[in-house]
C-alpha cells in the first residue's frame, strides 16, 4: 500500500474521520453511499486510499451489480491505480459480484499499462475467479504467473490453485500440486477432497479424509464428506459421518435435513430439525423447501408461519421462492397476497427468481391479471420469467395469449429453452391447435433444442385430444425414447374419448406394466367395458386392480379460513365441526327436496362415455360449502387439491330472490372454476351443479373442474346453524 493512503488515522482531519465513520455504519443503501461519495468529492478526499477502498468494498456488498459498476468507474479514475491493496479490493469486488471475467481482465489491464506487481492475495482471488468461471486456459495462465513471481510455495496460493483445478475437473494436476506442497492445512486437505467429491469419486475422497491428520479434521472436512454422500443419495454413509462429527454446526444439521428431504424422508428430516440446538435462516429454508419438494404444502405453510411468528429471522428471497409453490398448491391467496406485499416492502422482487415465482403462483391460482401485472413490473426479465407467464397462460387455457407472449419473447431477443417450448406445446394442447403445435414441435431443432420425452408427451396428448389416434401412436413408436406411463395414459384416455376399445386394450397392457399402481388406467378401461355392457370384463378389471394393489386415490380438498388452510378428506369422521356440517347438509337436503327433483342425470366422470342415474349425495365439495356457513368460518377460497372430485351437489336458490347468485361476466374458467357472484341484498351462495354457459368466448363445462379448481365464497350475513337448531328453526326458508 502506498504511503499516501496509509498515513496514520491520528493524522486525519475531522472531515476524513467523519467520512470513515459514515462508511462504517452497518445499514447502507446505494443512495446513501452515493451521497457519501459526493461528500468525499466535495471535500477532496479521493486521495485517501483508505476511504476509497472502504467505499469500493461497501458499494459492492450493498448492490453487487450496480454498486460494483459504480465502484469500477471510481477505480478507473483513480491516479494511484497501481496500489496493490486498492487493486486487490477491486478484484475481490468483481469476485463477490460474480463478475469473474472482469476481475481477470482488470489484472491483465493493470499488468500491461500500470506496471502492477501482484501479491499472494491477488493470485488467490484470480484462482477463485477462474475456478468459478470454468476458465481453464486463464487458470493455467494464472498458475504460470504464480510460478514466475515465486508464490508457488505460498500455502494460501497453492491451496487456491488446488481448489481451482478441482473446480475445473483437473484432478491429476490438483493432486500433483497437493503432493508438492511442503506445508498443508486443513483447508488444503478439504480443497482436494472437495474436488474428488465434485467428480463423484467418493472412494478416493474417503481415503484422503482418513489420511488427513486428526488435528486437521475439523467440522468443515466432515461437512464436505456429509454433503458428498448426501448428493449421491447414500444417507447411511452420510449419517455415519454426521454422528462422528466432533462439533456439529448448523451446516452439518442443515445438510442432513436437505439430504433427507431430497430422498423423500421428510419425517426423518423434521426429527433432525426439531432436535437442532440452534437454527439459522438456511435451516428454516431447507425444511420449508423440503416440504414443498415432497408435496406437503400445508406443512410448509405452517412452518413458514412459525418463522414469521418467531421474529428471529426475516425471510429472504430463498424463503419466498420456496413458499410460493406451496401457496399455489393450496390456493392460499390471502397468504400469497401478504407475502407479495412483504416482497415489495423488502424490495425482494428485484430478483428474477422471486419475480418468476410470483408470476407462477398467481398463474396457478387463476389470477392471470395479477400475474401479468407482476410480469410487467419486472425490470430485468430473464428466460425463466417469460416461461412462467407462458406456462401460466397455457395452464389457464389462454392459448392465444400464451402464443402472443411467446412471439413477443422472440421479438425481444430471448432464446427459448426446453421449458419455453413445453409451455408453447401445452398452450396448443389446451387450445386444440393441432397444426400450430406440430409446427412449433418441428421448429425446436431450429432453436438448437432436442425434444425431450415431455415434449413428445405433450404432442401425443394434443393429437389424442384431437382424435388423431393413429398419428399419436406413430409418434410414440418413432420417438427416440421409451414410452413412459404418462404418455401411455394420455393415449389411453384419448382412446376412451374416441370409444376405441381395441386400441385401448392394447395400450392398457403396456401402461399397467409400467405403472401397475395407477388406478386411472384400470378405471378408463373399466368404463369402456361398462359402456359396451361387458360386465364380466368389468369384474375382471376390478380383480386385477386388487391384485396389482391399485387403489382409488382418496379425495382431498382444502379451504382457507383466516389465512389457515384446513383439509377435508373423503371418509373422515373425526372432523371437529362434523356435527355442525351435517346439520347444514340436512338443511340443504330438505330445501332441495322441496324445490327440485332428487334424481338427476349426472356423468359418471369426465373420462366416461356412459351416464348413470345417481342419488344426490354429499361429497367433499358439499362439506366444504357447508363449512362456510358455520359462524366461525368467514369469506374464504376453496381449493380442490389431490385429485378431481365430481360435484354431486345440485342446488338452485333462484326461488328466493335475496339469495340469487349471478355470474358477473357470464364466464366460468374451465381450469380454475372460479365462480364470480354479483352482490345482492342478502347472502351469497354457491351453486354447485353441472351446467354449461354460452360464453362470449367459448363453451365451458363446469363438470371438468380438476386439481387446481378455485371457487370464491363470500358471505356477508351471519348464518348460525347451531343457533337456529337451538331455536327450532331451519336455516333455509321453505
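Applying the criterion of at least 2 residues that are farther than 25 Å from residue 465 by Cβ and out of contact with any strand residue (DSSP E or B) (no Cβ under 9 Å at 6 or more places or on another chain) to the helices (runs of 4 or more DSSP H) found wholly in region 321-438 leaves 333-345, 352-364, 368-377, 383-395, 399-411.
The condition (being within 11 Å of residue 324 (Cβ to Cβ), buried (at least 17 other Cβ atoms within 10 Å of the Cβ) and free of Cβ contacts under 8 Å to residues at least 60 places away in the same chain) is satisfied by just one residue among 357, 394: 357. Residue check: is residue 82 touching a residue at least 24 places away in the same chain (Cβ under 8 Å) and either touching a helix residue (DSSP H, G or I) at 6+ places or on another chain (Cβ under 6 Å) or assigned to a helix (DSSP H, G or I) (or both)? Against the criterion (touching a residue at least 24 places away in the same chain (Cβ under 8 Å) and either touching a helix residue (DSSP H, G or I) at 6+ places or on another chain (Cβ under 6 Å) or assigned to a helix (DSSP H, G or I) (or both)), residue 82 does not qualify. Taken over region 365-377, the criterion of being more than 22 Å from residue 433 (Cβ to Cβ) and crowded, with 21+ Cβ neighbours inside 10 Å is satisfied by 365, 367, 374, 375. Residue 52 passes every criterion in (1) farther than 30 Å from residue 153 by Cα; (2) crowded, with 22+ Cβ neighbours inside 10 Å; (3) under 34 Å from the mean Cα position of the chain (by Cα) apart from (3). Taking every residue in region 141-153 that is modelled with pLDDT under 95 and pairing it with any residue that is not in a helix (DSSP H, G or I), at least 6 positions away or on another chain, the pairs with Cβ-Cβ distances below 6 Å are 146/152.
When you look at residue 49, is it touching a residue at least 60 places away in the same chain (Cβ under 8 Å), touching a helix residue (DSSP H, G or I) at 6+ places or on another chain (Cβ under 7 Å) and closer than 24 Å to residue 123 by Cβ, yes or no? No. When region 466-485 is filtered for residues that are crowded, with 17+ Cβ neighbours inside 10 Å and under 29 Å from the mean Cα position of the chain (by Cα), the ones remaining, listed by number, are 483, 485. Does region 543-554 include one or more residues that are surrounded by 13 or more Cβ atoms within 10 Å (Cβ to Cβ), closer than 30 Å to residue 338 by Cβ and at pLDDT below 80? Among the residues of region 543-554, not one is surrounded by 13 or more Cβ atoms within 10 Å (Cβ to Cβ), closer than 30 Å to residue 338 by Cβ and at pLDDT below 80, which makes the answer no.
Among the residues of region 562-580, the ones that are modelled with pLDDT under 75, over 24 Å from residue 335 (Cβ atoms) and in contact with a helix residue (DSSP H, G or I) (Cβ under 8 Å, 6 or more places away or on another chain) come to 1 in all. Within region 267-281, the residues that satisfy the criterion of being in contact with a helix residue (DSSP H, G or I) (Cβ under 6 Å, 6 or more places away or on another chain) and part of a helix (DSSP H, G or I) are 268, 269, 272, 273.
The values are calculated or read from the model by the stated rules, or taken from the named source; none is laboratory data. Quick caveat, the model's predicted, so the values are computed rather than measured. Using ideal geometry, Cβ is built from the backbone for each residue, glycine included, and neighbour counts are taken over all protein chains shown.
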